[in-house]
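Below: the structure, in C-alpha cells.
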Amino acid sequence: MSYSIYIIIIKKLTDKYHPFTFIRWLFLFGFLLVLPFGFQDLKATPLETFTPYIYFSVFFIVVGATFGTYVLNPLSLRYLKASTVSTFIYIQPVIAGLFAIIMGSDAITAVKLIASTLIFAGVYLGN
C-alpha cells in the first residue's frame, strides 16, 4: 500500500522535477536514514574475503536491480499512467519466480501458485 502511495506521489513530482533529480534526493535521504541502522553491520562485513564474483553481484544488485529500477520507474511515469507502471512493478515477482524455475533453482509449489494468483487478482482489481 505504501508503494502505491509512493508511485502516486512521484507521478506528480516527475511532472515538476526531472526523474534523476528526484532519485538523487530520494537515495541521499534514504542513505542518511538507513545508515545509523546498518553501519555496525557494514563495519563487521569481512570485505577482504569477497571474491570478484561477490563484488560484481553486490554491484549488480545495488546499481542494476535497485538503482536502475528506481530510475526507470519515474522515467516511465513521465509517459505512462501510474496504474500501468504499478502493473509492471507488481508482476516482477512472478517473472522472477518463473525465471528461477526455468533456471532450475526453484520449483513450483502451492504457495507460489496462490501468491501468483493473488498478484494477478490484485493487478486486475487495481486496473
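Residue check: is Thr49 modelled with pLDDT under 90 and at negative phi?
So Thr49 does not fit the description; no.
Among Ile61, Ile95, Ile54, which is the only one that is exposed (fewer than 11 other Cβ atoms within 10 Å of the Cβ), out of contact with any helix residue (DSSP H, G or I) (no Cβ under 7 Å at 6 or more places or on another chain) and free of Cβ contacts under 8 Å to residues at least 60 places away in the same chain?
Ile95
Any idea which of (1) modelled with pLDDT under 90; (2) more than 28 Å from Ile23 (Cα to Cα) is the one Arg78 doesn't satisfy?
Every listed condition holds for Arg78 apart from (2).
Of the conditions (1) more than 30 Å from Leu28 (Cα to Cα); (2) hydrophobic (A, V, I, L, M, F, W, C); (3) not in a helix (DSSP H, G or I), Val123 satisfies every one except a single condition; which number is it?
(3)
Within the stretch 87-103, can one find any residue that is assigned to a loop (DSSP other than H, G, I, E, B) and out of contact with any Phe, Trp or Tyr (no Cβ under 6 Å at 6 or more places or on another chain)? If you could, list the steps in order and put the result at the bottom.
From the stretch 87-103, those assigned to a loop (DSSP other than H, G, I, E, B) are 103; that's our starting set.
Filter once more, so that each one left must be out of contact with any Phe, Trp or Tyr (no Cβ under 6 Å at 6 or more places or on another chain): 103.
Among the residues of the stretch 87-103, at least one is assigned to a loop (DSSP other than H, G, I, E, B) and out of contact with any Phe, Trp or Tyr (no Cβ under 6 Å at 6 or more places or on another chain), which makes the answer yes.
Taking Ile101, is it outside the structural domain of Ile5 (by TED's automatic domain parsing), over 19 Å from the mean Cα position of the chain (by Cα), loosely packed, with under 11 Cβ neighbours inside 10 Å and aliphatic (A, V, I, L, M)?
In short, no.
The values are calculated or read from the model by the stated rules, or taken from the named source; none is laboratory data. Treat the numbers as computed from the prediction; the structure is a model and nothing was measured. Cβ atoms come from the backbone with ideal geometry, glycine included; neighbour counts cover every protein chain shown.
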